Structure formats: structure tokens, C-alpha cells
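Every number here is computed from the coordinates shown, using simple stated rules; none is lab data. Computed from a prediction, not measured in an experiment: that's the story for all the values here. All Cβ positions, even for glycine, are placed from backbone atoms using ideal geometry, and neighbour counts span all protein chains on display.
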Ligand code: PBG
């Protein structure tokens, strides 16, 4: 056999050892890119574990403060807070009550770690309505888009007044970014950016979150506002363009792992930061498989996050943010 038959190009040369692989790595995670979602529930005296999300808790105000401090120490870039009030009603009054649980938590967390990381609020109504829908209902039980916009505007202003550094509307109402931008500006909060959940699919992967945030709809589902996973081609880009035109400062794709193609398309299209939300079901599936010994937990977590980063996400919302940040 002559030497000419051997390959000249040998990609394996760059994979020869850990040092070489580290040098040529094309995708890296940084603690500052990670955003930790956190839940706080009014009236709790002890943090409550979320059964379907091992390692995740519904926090008391006190335990939230401590967990926020740990996240800051680990170097994560941001926190996004979800509040569960003791009393819910049809219009989600706790959402814009200055003393609503989320507003209290925003003040607490801001005082604790507000200089170290970005404190965000999820801007929606499903955690605060008694029917569990993301907006105001019509008599026939549909979500009334425009009546809901007025509520979102008021909720976002309450969150900004409580110290939210950034608001993240997640309800998928048409015009929500514009309505919130106008309201924030009118209330003197033109400096508060909007991270728009621009592309949010109607996904089975939100199951565990609905236990964590106690926000499962009492009837029906969210398919009249969240996107159909099999929906029109380029619907995602349409949603993104609309949100940018309405003033979004950053955009989000959600869920992440099953929508890597969408992340890539959006990243190529926009000139603002792109976030991706590794949602509760993505977390629960890996934790459950790992608990059974079916997959290597640490490698699965790392690989799942690398995939999201490689697809083009600049920021990643993940329930593993603190653990991963500590390991980097
Ligand atoms: C709505 C909201 C949801 C999630 C984030 N914001 C639930 C939904 O749309 O049903 C899901 C996040 C997750 O599954 O981790 N406020």
C-alpha cells in the first residue's frame, strides 16, 4: 500500500486530547448567558419542592432571596421571577397590585442582588387568574386579546415600579409588546427593556411548569394564541418582526431543544439578542431519565445546553443555570 492512499486531511488531529479539543472549541457556555427561572408563592412558610422538577422549588420570600444570592454568587446573568398569589381572580388583580407577591419578590431580590445580575419579571396573567388563562376571558371563554393588552400594560408598569430591570411578556397576545412599551414609556420607564417571548409554541413541554406555577388552565388550552408546532412556514419570523417593530429589545424562542431550527432562523434574521427557554418538560425528561440511570445526567445537561447555544441562542433560560454556572 503506498503512502499516497492515506488521508491527507485528518479531522481527528484536532480531537486528540482534552487540551486540543478545548482550544478549538466552537461553542462555549458562559455563566453570564444563563438566566434562572424562579417561583415564589405567597403565604408559604417552607420552600415546597416541585414534584415533577426535582431540584426546583416554590420559594418563600425568604428562601427566594437566599437562592437569588446563590445565583448571583455563581455568576448567572439574570433571574426571571414567577409569582403565585394566595388569592386569584378572573382579571388577575394580583398581577398589578403593588403588594402582589411578584412585586414584593422583585423588591426583595432587587435589594439582595440587583447590582450583580438582571432581575426580570414574567409578564402574563396565567399565574394570577383563577381560570388559569393568560388573559381576560370573553363570556364564551375565549381570551379577549385587546382587553388583555390593557391588563398586560398595567402589570408591566407595576413590575417596573417594583424594580424589574426587564419585563418579559409571555402571553402571545397580538400587540402585547407595543402596548407594554407605550405604557412603560408613559409611566417614566423608558429605560426598562422588553424581552419578548416572540415565538412560543403551544407545547406539551410546559406540563411541569404548570405544577410549579399553579397555572394550568381550568378548561381549554392555549392553542388559540400560542403557535402551532406544525404552523405556517416562517410564522416564527413574522412574530419576531412584529415584536421588533413594536419595540422589543430582545426576543425569545420557547421551548428550546425541540425548536433548534427556529433559533437558527431567528438568529440569522435579527440584530438583537436571541434568548431560548429550556422549559420545564425538557428539564423533567432529563432528570427523570437520569434518575433511572438511563442517561448520564451531567453529560445530558451539558449537551442539551451546548445544542441550544450552537443553534444560535445568545441567552439561555434554564432551571440548571446555577449548577451549570458553578461548573464552568
Ligand atoms: C406563561 C408561561 C409558561 C411558561 C413560561 N411562562 C406556561 C405556559 O405558557 O403555559 C412555561 C415555562 C416552562 O415550561 O418551563 N406565563
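See the values below:
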| quantity | calculated |
| --- | --- |
| Label zone at residue 51, where the point sits 7 Å out along the Cα-to-Cβ direction: segment 200-222 residues whose backbone N lies under 11 Å | none |
| Cα gyration tensor shape for segment 29-327, rounded if a/c is under 1.5, else prolate or oblate | rounded |
| Proxy reagent accessibility, fewest Cβ within 10 Å first, across 286, 84 | 286, 84 |
| Distance from segment 243-257 to segment 275-328 (C-alpha centre basis), Å | 21 Å |
| In degrees, nearest ten, helix 145-161 long axis to first principal axis of the chain (Cα) | 80 degrees |
| Chain lengthening between residue 185 and residue 302 when straightened (0.36 nm per residue, less Cα-Cα) | 38.2 nm |
| Segment 1-34 versus segment 209-236: alpha-carbon centroid distance in Å | 41 Å |
| Angle between the chain longest axis and helix 61-74 axis [Cα atoms, degrees, rounded to 10] | 30 degrees |
| Cα-based shape type of segment 1-135, given that a ≥ b ≥ c are square roots of the gyration tensor eigenvalues and the cut on a/c is 1.5 | prolate |
| Sorted peptide list for 63-70, 212-219, criterion being average Cβ within 10 angstrom, highest first | 63-70, 212-219 |
| Antiparallel content of DSSP bridges confined to the chain, in %, to 5 | 10 percent |
| Residue order, fewest to most beta carbons within 10 Å, for 316, 180 | 316, 180 |
| Prolate/oblate/rounded call for segment 233-328, Cα gyration tensor, a/c under 1.5 rounded | prolate |
| Burial ordering of 122, 115, 130, fewest other beta-carbon atoms within 10 Å first | 115, 130, 122 |
| Segment 1-52: projected area of the alpha-carbon convex hull, averaged over directions, in nm² | 8.5 nm² |
